[in-house]
Every structure is written in C-alpha cells, then in structure tokens.
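Working notes, structure below.
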Amino acid sequence: MSRPPEQKKEPSVLYRRNPQLNKNGELVHLLSVEGLPADILRQVLDTAENFVSVNDREVKKVPLLRGRSVFNLFFENSTRTRTTFEIAAKRLSADVINLDIARSSASKGESLLDTIANLSAMAADIFVVRHSESGAPYLIAKHVAPHVHVINAGDGRHSHPTQGLLDMFTIRHYKKDFSNLTVAIVGDVLHSRVARSDIHGLTTLGAAEVRVVGPKTLVPADLAQMGVRVCHNLKEGIRDCDVIIMLRLQNERMSGALLPSAQEYFMSYGLTREMLQLAKPDAIVMHPGPINRGVEIASEVVDGTQSVILPQVTFGIAVRMAVMSLVAGNESN
C-alpha cells in the first residue's frame, strides 16, 4: 500500500493540534499514539533502546527521575501494565505511589478532578492513569499544572499508547524496518484499545500493509478508513504476513451474543501451528496479554519458537522508562 510522503509540520502547528506536545513540539503527556508524528514515535523507540541494557546490570537503576513522584492511578484492574510501570519508575529512581482505587476517595463519591487536585497537592510529578472511560486521561491532562505529566495506561476502548509503542519496539527489534512489513492484527478489534494504538503506530511508521482480521461482529465497519485491509477469513488475513498480533477476547466488555462460543471462535480464528504455516517462515507472533490459551491462540504457538510474547513484556519496561523520562524532561507551556 503506497503512502504519500510525510508532511513535516512546524512545532507550533503540532502544539495547537495535539495536547500531548508543547509549543516546541516536545512530548509532555502520552495520551494516544494517534496524532503523534513519526519523529516522536521514533524518539521514544530510540530512547527505549538505551534502557534495555539496564535490565542486565547488577544495579538496575539510573538516576533520571530521582526526587520525582509517580502516581499509579488505576481505576481498572491490571497486573502486567501496572507492575511494569512501577518497575520502570523505580528503575528511573522515582518515588512510586500505587493507589488502591477500590478503597480511595473516588469510591466514596469524590470526582476524578478533585482526586487529581488533591494528589497534585501531594507534589505529584507524573500520573499514570488507567480508566474505564475513554478520554479520562485527556481530561486530567487539561487540568494539571505545567510541570505535571499524564501517561495513559489504557482508557476505555480508546487507546493504550504504551502498549502500542512497546509493540512497535518489538517489531522493530526483530524486523528492523517497517517499510516492507505486512502485519495482521487478529481477534476482538471492536473492544481493543491496543488494536487502535497498533494501527496508528504501524501506519505512522510506514508499514507496507496492515490487516485487521476477525468476525464481522468484532471488527468495526469503519476500520478501512484508517488505512487497513479488513479480512474476515483467518487464512486470507495471515497469509504471507511478517508479524501476527493476536488479541484477547474481551468478554467483560461485550454486551449481547457477539460470538456463538469460545470453542467455535477458536476453530475459525484461533492461531494454531498449522495456521501459522501460512505466514512467512520467519514471522513473529505477538500478544498484548493476558493470554487465553485455546481461545485465540494455541499453547504450542504461545510457547513456540516464533512467539515473542515474553520479550514484549521485557521491552515494555524499557519503553515505559523512555516515555516517563521524555515527558519529565519537558515543560507543558
């Protein structure tokens, strides 16, 4: 799929259009991959590259956020994302505060903005926010002081930018260049904020073709407008692919009978060893987790030689370190 050459916009234009950037075009919040220029995405990936080696040190720390406070504000349950953010912040030498939302003032009726105002009064520097409502991190970013930064750790069905960025990092690590890649995103795209972040990341970084694969009930009708090829047949969708990103069936977000059963879904859209043979021999298999073995992907594929699912988790720490270090280095005004 041919793409027009990227038009480089002046920083002031980017600032007016994108609340994630300051007037110099620098990243001050990470709210969505959508709308970020390719230069910013590559800056995050290049910065993360420098942090990967921290994992191999005896003392896994750098002093970049010493004296800063990072508040993990998770209004939705999460283990992998919250833990990797906590590890990333601690490796940057930040003070990390994990809020128990179930017992917080929000559960007693306090508004989101009042909660943020009170936490800001406790000298917060970075808020990492996961929320069930799309747009909640944007609302917070509009009401914090210029020295406070907001990172979206997943909002509703809208966006999961650090997952999208760590997926881009993983793809670049194994495939080096995006320009010749065919990437398939398979599964419950309708409810997936990861899929949207991946699509924006892949198209911005110049992937040759992005395919979205799934049943009609789980693939939004307007996705073709995002520059992707929509496939409702798994064989067609993954044939000759370089990268396959499998998505979890998000039953907790579904209303009504969108699928006959998990077993029938696996028969039609589950990635098995036999099905994987349709992709290129050196294709990599990814999954944002948590994994439902035997529902969207077979155990033999999860544990197989083409799976890079565990490296994704490791790279996620470096990417989140990169994001926090970059936003903390820039003022919002």
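The values are calculated or read from the model by the stated rules, or taken from the named source; none is laboratory data. Everything quoted here is computed from the prediction, not taken from an experiment. Here Cβ is always computed from backbone atoms with ideal geometry, including for glycine, and neighbour counts include all displayed protein chains. Quick note on the areas: whole protein, heavy atoms, side chains included, nothing else; ligands and nucleic acids left out. Shrake-Rupley method; radii C 1.70, N 1.55, O 1.52, S 1.80 Å.
With charged (D, E, K, R) and closer than 30 Å to residue 311 by Cβ as the only criterion, which of 155, 114 stands out?
Matching residue, one of 155, 114: 155.
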Selected residue [within 19 Å of residue 174 (Cβ to Cβ), at pLDDT 95 or above and open to solvent by less than 10 Å² (accessible area, probe 1.4 Å)] from 202, 234: 202
Unique match (being touching a Pro at 6+ places or on another chain (Cβ under 9 Å), open to solvent by 20 Å² or more (accessible area, probe 1.4 Å), closer than 21 Å to residue 311 by Cβ and at pLDDT 95 or above) among 173, 160: 173
Enumerated strands (runs of 3 or more DSSP E) restricted to the stretch 109-221, each holding at least 1 residues that are closer than 16 Å to residue 30 by Cβ and over 16 Å from the mean Cα position of the chain (by Cα): 126-131, 149-155
Hits in the stretch 24-57 (condition: basic (Lys, Arg) and modelled with pLDDT of 95 or more): 42
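Results for (1) in contact with a Ser or Thr (Cβ under 6 Å, 6 or more places away or on another chain); (2) assigned to a loop (DSSP other than H, G, I, E, B); (3) of a type in the set (Phe, Trp, Tyr); (4) closer than 16 Å to residue 162 by Cβ, shown as yes or no for each residue.
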{"site": "33", "(1), (2), (3), (4)": "yes, yes, no, yes"}
{"site": "39", "(1), (2), (3), (4)": "no, no, no, no"}
{"site": "43", "(1), (2), (3), (4)": "no, no, no, yes"}
{"site": "50", "(1), (2), (3), (4)": "no, no, no, no"}
{"site": "54", "(1), (2), (3), (4)": "no, no, no, no"}
{"site": "72", "(1), (2), (3), (4)": "no, no, no, yes"}
{"site": "84", "(1), (2), (3), (4)": "no, no, no, yes"}
{"site": "89", "(1), (2), (3), (4)": "no, no, no, yes"}
{"site": "93", "(1), (2), (3), (4)": "no, yes, no, no"}
Candidate set: the stretch 272-320, residues that are of a type in the set (Lys, Arg) and surrounded by fewer than 23 Cβ atoms within 10 Å (Cβ to Cβ); chosen: the one nearest to the chain's Cα centre (by Cα): 293
All positions within the stretch 108-129 that are of a type outside the set (Gly, Ala, Ser) and open to solvent by 60 Å² or more (accessible area, probe 1.4 Å): 108, 110, 114, 118, 122
Extreme residue, nearest to residue 115 (Cα to Cα), among residues of the stretch 75-85 that are open to solvent by 20 Å² or more (accessible area, probe 1.4 Å) and not charged (D, E, K, R): 75
Selection from the stretch 237-271 of residues that are open to solvent by 50 Å² or more (accessible area, probe 1.4 Å) and modelled with pLDDT of 95 or more: 239, 240
